[in-house]
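Colleague: The structure's right below; bear with me while I get my questions together.
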């Protein structure tokens, strides 16, 4: 478990550093709110999320996977590892896609998730900006899914690393070369694809729900290859949460409980 946590931490910090340097060297869009305000408050959210999960949930997904497979529980336990690992990875990715869809279409859950969407500019820090109650909800769903599936610990470690890394990558304020973009989006979610999901236009917000793989949106009819307007000037965020004050920690934490 200690090794798994260390691997996750190193992968997370490495990806965050690479994305931050890339954004600094070649940003794709300019931010309305200064970087210092956005990054300090978004990173503060991560610290609160991590502390609450550690405090309130004693069993993390990797530990749950180890425990479940030791008990012989789960749908995938009869399968050999070479088969159960990729299947578990794909099913967990589908689960997160479905959870994301649910966060948009159930009003109570949208109130939690809209804090993430209220960011008026996308960069790597946006990929960390999730309300603590949403993180607790998501962690519990993953734990239950891991136990039901009997997902191998290796699959869960790989999935958690991929989920963290792609959340940073897909929100990054970067632009890929056209040919690279065209090739990558056939399989995975790119920053240009995910930026459409953060449009102020509801039809665009309710599309491109994937974090890792783009195939789920293609399969279920929620894939949108381009926004209606110019991708470079497309407004992002939520119209009623556009002021600089809304980027501060206290406003982020209380946002789900405010009617406006």
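Colleague: Out of the range 9-60, which residues are crowded, with 18+ Cβ neighbours inside 10 Å and more than 29 Å from residue 242 (Cβ to Cβ)?
Modeller: 12, 60
Colleague: Provide a single number: the residues in the range 128-161 that are without any contact (Cβ under 8 Å) to a residue 60 or more places away in the chain and either touching a strand residue (DSSP E or B) at 6+ places or on another chain (Cβ under 6 Å) or more than 18 Å from residue 72 (Cα to Cα) (or both).
Modeller: 4
Colleague: Return yes when residue 81 is more than 22 Å from the chain's Cα centre (by Cα), under 21 Å from residue 160 (Cβ atoms), in contact (Cβ under 8 Å) with a residue 60 or more places away in the chain and exposed (fewer than 15 other Cβ atoms within 10 Å of the Cβ) and no when it is not.
Modeller: yes
Colleague: List the number of the failed condition for residue 83; all other conditions in (1) at pLDDT 95 or above; (2) within 28 Å of residue 171 (Cβ to Cβ); (3) assigned to a helix (DSSP H, G or I) hold.
Modeller: Going through the list (1) at pLDDT 95 or above; (2) within 28 Å of residue 171 (Cβ to Cβ); (3) assigned to a helix (DSSP H, G or I), residue 83 breaks only (2).
Colleague: Quick test of your reading of the structure: residue 75 fulfils all but one of (1) touching a residue at least 24 places away in the same chain (Cβ under 8 Å); (2) surrounded by fewer than 19 Cβ atoms within 10 Å (Cβ to Cβ); (3) closer than 29 Å to residue 190 by Cβ. Name the failing condition by number.
Modeller: Going through (1) touching a residue at least 24 places away in the same chain (Cβ under 8 Å); (2) surrounded by fewer than 19 Cβ atoms within 10 Å (Cβ to Cβ); (3) closer than 29 Å to residue 190 by Cβ one by one, residue 75 breaks only (3).
Colleague: Next question. Only one of 167, 199, 214 is in contact with a strand residue (DSSP E or B) (Cβ under 9 Å, 6 or more places away or on another chain), without any contact (Cβ under 8 Å) to a residue 60 or more places away in the chain, under 30 Å from residue 146 (Cβ atoms) and buried (at least 20 other Cβ atoms within 10 Å of the Cβ); which?
Modeller: Exactly one of 167, 199, 214 is in contact with a strand residue (DSSP E or B) (Cβ under 9 Å, 6 or more places away or on another chain), without any contact (Cβ under 8 Å) to a residue 60 or more places away in the chain, under 30 Å from residue 146 (Cβ atoms) and buried (at least 20 other Cβ atoms within 10 Å of the Cβ), namely 214.
Colleague: I need the full set of residues from the range 58-68 which are modelled with pLDDT of 90 or more and touching a helix residue (DSSP H, G or I) at 6+ places or on another chain (Cβ under 7 Å), in order please.
Modeller: 61, 62, 64, 65, 66, 68
Colleague: Moving on to the next point. May I ask you to list the residues in the range 225-250 that are free of Cβ contacts under 8 Å to residues at least 60 places away in the same chain, in contact with a helix residue (DSSP H, G or I) (Cβ under 8 Å, 6 or more places away or on another chain) and surrounded by fewer than 17 Cβ atoms within 10 Å (Cβ to Cβ)?
Modeller: 225, 226, 228, 231, 245
Colleague: Looking at (1) buried (at least 18 other Cβ atoms within 10 Å of the Cβ); (2) within 13 Å of the chain's Cα centre (by Cα), which one does residue 89 not meet, given that it meets all the others?
Modeller: Answer for residue 89: the failing condition is (2).
The values are calculated or read from the model by the stated rules, or taken from the named source; none is laboratory data. These numbers come from a predicted model, not from an experiment. Don't worry about glycine lacking a Cβ; one is built from the backbone with ideal geometry, like all the others, and counts go over all protein chains shown.
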